[in-house]
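Here is the structure we will look at, set down as structure tokens.
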């Protein structure tokens, strides 16, 4: 009997990794958060703006309240290895959504290997989002001519993304 061949376009890869620090206010504190992201990723972050005014928190629409950076390809894999080290290679099962993406937080940037506490910066935590995709098929929804919805056979399930992280990063999923 012949072995069943798998389609190489159904291989799961990491599309992007987004690192976000929400500060809630503009000014020096926001600049320090951007400096932390730059120290960890070696990329220049962009500032995120408030979408609406919240008077109780003294936030106006359009005010810069956070910093984020998006990593792709080798930079994403390299950063994830360091981030999983900071989390002791453990992620809870509730960190995965139905689309197969993963989200987790790190409470302090000094948990990363080689990072020391700097009293000028302070303590900053961050949110990390991992977006998965298959090699073939996701262009269907992005193309300009005749875009369509992504069929279920191309979508990534929660279990597939958990298995991907277990196999490639030796991450233990805490149930």
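Let's see how each residue does on (1) closer than 19 Å to residue 69 by Cβ; (2) surrounded by fewer than 11 Cβ atoms within 10 Å (Cβ to Cβ):
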{"residue": "104", "(1), (2)": "yes, no"}
{"residue": "130", "(1), (2)": "yes, no"}
{"residue": "141", "(1), (2)": "no, no"}
{"residue": "152", "(1), (2)": "no, yes"}
{"residue": "160", "(1), (2)": "no, no"}
{"residue": "163", "(1), (2)": "no, no"}
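Restricting region 88-97 to residues that are in contact (Cβ under 8 Å) with a residue 40 or more places away in the chain and in a loop (DSSP other than H, G, I, E, B), which is nearest to residue 168 (Cα to Cα)? Walk me through how you get there before you give the answer.
So the first thing to find is which residues in region 88-97 are in contact (Cβ under 8 Å) with a residue 40 or more places away in the chain, and the list is 89-93, 96-97.
If we keep only those that are in a loop (DSSP other than H, G, I, E, B) too, we end up with 89, 97.
Working: 89: 12, 97: 19 Å.
So the residue we want is 89.
Which residue, of 24, 62, 100, is at positive phi, in contact with a strand residue (DSSP E or B) (Cβ under 9 Å, 6 or more places away or on another chain), in a loop (DSSP other than H, G, I, E, B) and surrounded by 15 or more Cβ atoms within 10 Å (Cβ to Cβ)? Working first, answer last.
Working: 24 fails: surrounded by 15 or more Cβ atoms within 10 Å (Cβ to Cβ); 62 fails: surrounded by 15 or more Cβ atoms within 10 Å (Cβ to Cβ).
Answer to the check: 100.
Within the group 106, 37, which residue is within 14 Å of the chain's Cα centre (by Cα), within 29 Å of residue 175 (Cα to Cα) and at pLDDT below 95? It would help to see each step written out before you state the result.
Numbers: 37 fails: within 29 Å of residue 175 (Cα to Cα).
When all the criteria are applied, what remains is 106.
When residues of region 73-97 are filtered for being more than 26 Å from residue 35 (Cβ to Cβ) and loosely packed, with under 14 Cβ neighbours inside 10 Å, how many remain?
Filtering region 73-97 down to residues more than 26 Å from residue 35 (Cβ to Cβ) leaves 89-97.
Checking the rest, the ones that are also loosely packed, with under 14 Cβ neighbours inside 10 Å come to 90, 92-94, 97.
Here the count works out to 5.
Can you name the condition, by its number, that residue 122 falls short on among (1) closer than 30 Å to residue 39 by Cβ; (2) outside any loop (DSSP other than H, G, I, E, B); (3) touching a residue at least 40 places away in the same chain (Cβ under 8 Å)?
Condition not satisfied by residue 122: (2).
How many residues, within region 27-45, are in contact with a helix residue (DSSP H, G or I) (Cβ under 9 Å, 6 or more places away or on another chain) and not in a helix (DSSP H, G or I)?
4
Out of the residues in region 47-59 that are without any contact (Cβ under 8 Å) to a residue 24 or more places away in the chain and in contact with a strand residue (DSSP E or B) (Cβ under 6 Å, 6 or more places away or on another chain), which is nearest to residue 135 (Cα to Cα)?
Going residue by residue through region 47-59, those that are without any contact (Cβ under 8 Å) to a residue 24 or more places away in the chain are 47, 49-56.
With the extra rule that they be in contact with a strand residue (DSSP E or B) (Cβ under 6 Å, 6 or more places away or on another chain), the set shrinks to 47, 49-50.
Details: 47: 30, 49: 32, 50: 34 Å.
Restricting to residues being without any contact (Cβ under 8 Å) to a residue 24 or more places away in the chain and in contact with a strand residue (DSSP E or B) (Cβ under 6 Å, 6 or more places away or on another chain), the top hit is 47.
Conditions tested, residue by residue: (1) part of a helix (DSSP H, G or I); (2) touching a residue at least 60 places away in the same chain (Cβ under 8 Å); (3) closer than 30 Å to residue 23 by Cβ; (4) touching a strand residue (DSSP E or B) at 6+ places or on another chain (Cβ under 7 Å).
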| residue | (1), (2), (3), (4) |
| --- | --- |
| 75 | yes, no, yes, no |
| 78 | yes, no, yes, no |
| 81 | yes, yes, yes, no |
| 116 | no, no, yes, no |
| 128 | no, yes, yes, yes |
| 132 | no, yes, yes, yes |
| 147 | no, no, no, no |
| 164 | yes, yes, no, yes |
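Hey, any hits in region 1-9 for a residue that's under 30 Å from residue 100 (Cα atoms) and not in a loop (DSSP other than H, G, I, E, B)? Full working, then the answer.
Narrowing region 1-9 to residues under 30 Å from residue 100 (Cα atoms): 3-9.
Narrowing the set further to residues that are not in a loop (DSSP other than H, G, I, E, B) leaves 8-9.
Looking through region 1-9, at least one residue is under 30 Å from residue 100 (Cα atoms) and not in a loop (DSSP other than H, G, I, E, B).
The values are calculated or read from the model by the stated rules, or taken from the named source; none is laboratory data. On a predicted model such as this, the values are computed, not experimentally measured, just so you know. Backbone-built Cβ (ideal geometry, glycine too); neighbour counts: all protein chains shown.
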